[in-house]
1. In this structure, does Gly438 turn out to be more than 15 Å from the ligand (Cβ to nearest atom) and either small (Gly, Ala, Ser) or under 15 Å from Lys461 (Cβ atoms) (or both)?
2. Given the options Asp242, Asp234, name the one that is closer than 30 Å to Arg321 by Cα and free of Cβ contacts under 8 Å to residues at least 40 places away in the same chain.
3. Only one of (1) without any contact (Cβ under 8 Å) to a residue 60 or more places away in the chain; (2) under 26 Å from Glu357 (Cα atoms) fails for Gly157. Which number is that?
4. Does region 371-392 contain at least one residue that is at pLDDT 95 or above, under 30 Å from Asp256 (Cβ atoms), of a type in the set (Ser, Thr, Tyr) and outside any strand (DSSP E or B)?
5. Taking the stated definitions as given, is Gly365 out of contact with any Pro (no Cβ under 7 Å at 6 or more places or on another chain) and within 16 Å of the ligand (Cβ to nearest atom)?
6. Answer yes or no as to whether Ser173 is within 12 Å of the ligand (Cβ to nearest atom) and not in a loop (DSSP other than H, G, I, E, B).
7. So Ser251 clears everything in (1) without any contact (Cβ under 8 Å) to a residue 40 or more places away in the chain; (2) small (Gly, Ala, Ser); (3) in a loop (DSSP other than H, G, I, E, B) except one condition, right? Which one?
8. Just for region 200-220: of the residues that are over 13 Å from Ala441 (Cα atoms) and more than 15 Å from the ligand (Cβ to nearest atom), which one is surrounded by the most Cβ atoms within 10 Å (Cβ to Cβ)?
Amino acid sequence: MDFTKLKIKEIREGLIKKEFSAVELVDFYLGKIQEKEKDINAFLQVDVEGAKNQAKGIDAKIAKGEELGSLAGAPCAIKDAIMVRGLKCTSGSKILENYKAVYNAFCVERLKSHGAIVLGKTNMDEFAMGSSTEHSAFKITKNPCDLTKVPGGSSGGSAACVAGDEAVFSLGSDTGGSIRQPASFCGVVGLKPTYGAVSRYGLIAFASSLDQIGPMAKNVDDCEEVFKVIIGKDEKDATSVDIKSKLQASSFKLQDLRIGVPKEFFGEGLESKTKEIIEGKIKKLETQGAKIIDISLPSASYALACYYILATCEASANLARFDGIRYGYSGIRNQESGIKNLFEVYSKTRGEGFGDEVKRRIMLGTFALSSGYYDAYYLKAKKTQALIKKDFNKAFEKCDFILTPTSPFPAFNIAEKIDDPLKMYLSDIYTVPVNLAGVPALSMPAGLDGILPVGLQIIGKHFSDFDILQLAKAIEKF
Ligand code: GLN
């Protein structure tokens, strides 16, 4: 039986009706991984035994007639920045190469308690810094739609394993676009929730005020099923909030919707075929009765500059904990290192353990926060962020949703941008403003440029995540 077409709900139903067992399903996906990994390289670790044991547990529950969780039997993959107890958690970095997670992230605990089966951990740009997954210390993941292209990043492994039928869904994390941009490149659906909707407990921090964990799947229904499970207030993350009350999305008709189209997202730099596909989708919505409104997000043009100050500042603080004493790789343990003092412990550990992009960001962030520069950079970026938030608030007075391309171009060639950080940063020009504003956004497949998927981004007001999902389901049908 080919299980790849089954949605999460259908898997659960099939298990209950005993059409197949969880063990069969997991064996099927482990087989897929074995067959496809040599080309795709989406996983850093596959937990064959663990996955089989979880599947046996589900089958035992069925045999006893026990109630099954909403994700029962669904094989999933977790970005390697998110802790799964007992499995390595490297965040794509040599500095954590042998680090084993000692607890489950909040969302992983939730997934498991609802019956999802964790197949393994997925490749990513080191510490989630990147847009192509080429900054992983371990391997280069390829785009299943075209193996000469990158899968996007930083959650490239999580996008590629779903697109390549190696998992039903995955978790990614998104600080400036790392769920949406790879979802767009690989032709899957990815949701960056409202900041605070999902607990960050157990996520290795990049920029804590922007980071959010979210689901990636082949369709909107599956994304929603996973999202329902991972949301919620967690006392271990003070920024988490309970959005369960918003679960009953206000049911709207397309005819009543006002769709904002920001002119700043359709100008220079946007590839013509991507533009055509996104405009085509917007036109379709109009023919269905939605009102299309031209809007402006004037400060969005500063978003990338603002993001690369704020994110690097936070990263420089967050990554200070990797000092060779508490976690992972340490220069000290190397007997031949000839380390003489504490400074050398730090410099050797961090010099050898971090990759170039991470070092670049730590230096940028440390510089921007240093005395004398704080006002000129960090403070100014914070003020710019306030303007960007204001722009979104103003726009949402005129419209219910904002539609844009997810990325200005489809997946690019492997090695094409790796030596030019600024070009790489431009991949996220349409996604970064969303994180700065803290609002939710989803990327979904909108069409193809040749064989390469193009993603449509739907942005909504704070806590309108379920409304976004509802609109995405409507768009998915046409
Ligand atoms: N690509 C962006 C960066 O490099 C966003 C990364 C992310 O969302 N984690 O910072």
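1. no
2. Checking each option against the conditions leaves just Asp242.
3. With respect to (1) without any contact (Cβ under 8 Å) to a residue 60 or more places away in the chain; (2) under 26 Å from Glu357 (Cα atoms), Gly157 is out only on (1).
4. No, region 371-392 has no match at all.
5. Spelling it out, Gly365 is indeed out of contact with any Pro (no Cβ under 7 Å at 6 or more places or on another chain) and within 16 Å of the ligand (Cβ to nearest atom).
6. yes
7. The single condition Ser251 does not satisfy is (1).
8. Ala217
The values are calculated or read from the model by the stated rules, or taken from the named source; none is laboratory data. As the structure is a prediction and not an experimental result, all values here were calculated from the model. Positions of Cβ are backbone-derived with ideal geometry, glycine not excepted, and every protein chain shown enters the neighbour counts.
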